[in-house]
1. Give me the pairs: first residue in the range 143-170 and among the β-branched types (Val, Ile, Thr), second residue assigned to a helix (DSSP H, G or I), beta-carbon distance under 7 Å, and six or more apart or on different chains, which are they?
2. In the range 46-89, how many are surrounded by fewer than 24 Cβ atoms within 10 Å (Cβ to Cβ), among the hydrophobic types (A, V, I, L, M, F, W, C) and assigned to a strand (DSSP E or B)?
3. Identify, by number, the condition in (1) at pLDDT 85 or above; (2) open to solvent by less than 60 Å² (accessible area, probe 1.4 Å); (3) under 25 Å from His133 (Cβ atoms) that Val168 doesn't meet.
4. Return the residues of the range 127-164 that are open to solvent by 10 Å² or more (accessible area, probe 1.4 Å), within 28 Å of Thr99 (Cα to Cα) and of a type in the set (Asp, Glu); say none if nothing qualifies.
5. Does the range 190-212 contain any residue that is of a type outside the set (Gly, Ala, Ser), at pLDDT below 85 and either open to solvent by 50 Å² or more (accessible area, probe 1.4 Å) or in a strand (DSSP E or B) (or both)?
6. If you check every pair at least six apart or on different chains, which have Cβ atoms under 9 Å apart with a residue in the range 18-46 that is over 20 Å from Glu201 (Cα atoms) and touching a residue at least 60 places away in the same chain (Cβ under 8 Å) first and a residue that is part of a helix (DSSP H, G or I) and of a type in the set (Gly, Ala, Ser) second?
Amino acid sequence: SEFRWKIFQKHVLQNNWLKHKPLITSDGRSPQTDFLCLLHETFEALYGGAAGGGKSEALFMAALMFVDVPNYNAIIFRRSFTDLCKPGALIDRSFQWLTGSGARWDGVNHTWIFPSNAKVAFGFLENDRDVYHHQSAEYQFLGFDELTQFTEFQYRYMISRARRLQGVNLPIRIRSATNPPNRLQTGEVHGTWVKQRFLVEGASRGRVFIPATLDDNPALDKEEYLKSLSNLDPVTRSQLR
């Protein structure tokens, strides 16, 4: 719609905080654009499928869309703090994008603070009880990277923290990205509830699923990445592809 296009132009294409703009495939598709254009009409959306499709980057871009709006609050979760800090992971990527930009890093709270006083934070939910650290929090954007690593309780509780003050013209968004599930070191697998929520009952509840493939990311050296995947067992390789 014209309304969504204007929002996309202002908060994505003209957004100086976004170091990269949405990827466009060789056949003219842009799943990242589709993901970012889901605004007021879509409360929950999942960008999922193959590794290397640009999902985590799209999630970070979505979190940054409204940082020029005063007191906007966003948070992106991984299951553990270690997952947030790995090379190329979300915190590392945020420093690549925002160092020297005018945003200030609060290392105690793992939060970028923008001149508008908007905040984009990074959090982890290693155990179900960790959700209670956010009991009085108020977020207009909640992101979950690798959603199939979270429990359904963690997800449901945290989306209860999605709210805004009356009269504030900001979309409330729950956005997630994931590969197909794999077994965590704890032996946990959480893909069943994610599939039920987004693929089985999603359309009837207004939830959107956007599939991701390797071909969605033209910046990726696909040939070398496939060589790396060839070292995995057949099941894991199939999931990531």
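1. From residues that are among the β-branched types (Val, Ile, Thr), the pairs are Thr148/Gly191; Thr148/Val194; Thr151/Asp128.
2. Total meeting the criteria: 1.
3. The failed condition is (1).
4. Glu138, Glu146 - these are the residues of the range 127-164 that are open to solvent by 10 Å² or more (accessible area, probe 1.4 Å), within 28 Å of Thr99 (Cα to Cα) and of a type in the set (Asp, Glu).
5. If we filter the range 190-212 for residues that are of a type outside the set (Gly, Ala, Ser), which is where we start, we get 190, 192-201, 205, 207-211.
Now narrow it down to the ones that are at pLDDT below 85: 190.
From what is left, the residues that are either open to solvent by 50 Å² or more (accessible area, probe 1.4 Å) or in a strand (DSSP E or B) (or both) are none.
Checked the range 190-212: no residue is of a type outside the set (Gly, Ala, Ser), at pLDDT below 85 and either open to solvent by 50 Å² or more (accessible area, probe 1.4 Å) or in a strand (DSSP E or B) (or both).
6. Listed pairs, sorted by first residue: Leu23/Ala58; Pro31/Ala58; Gln32/Ala58.
The values are calculated or read from the model by the stated rules, or taken from the named source; none is laboratory data. Bear in mind the structure is a predicted one, so any value in this text is a computation, not a measurement. Ideal geometry is used to build each Cβ from the backbone, glycine not excepted, and the neighbour counts take in all protein chains shown. Quick note on the areas: whole protein, heavy atoms, side chains included, nothing else; ligands and nucleic acids left out. Shrake-Rupley method; radii C 1.70, N 1.55, O 1.52, S 1.80 Å.
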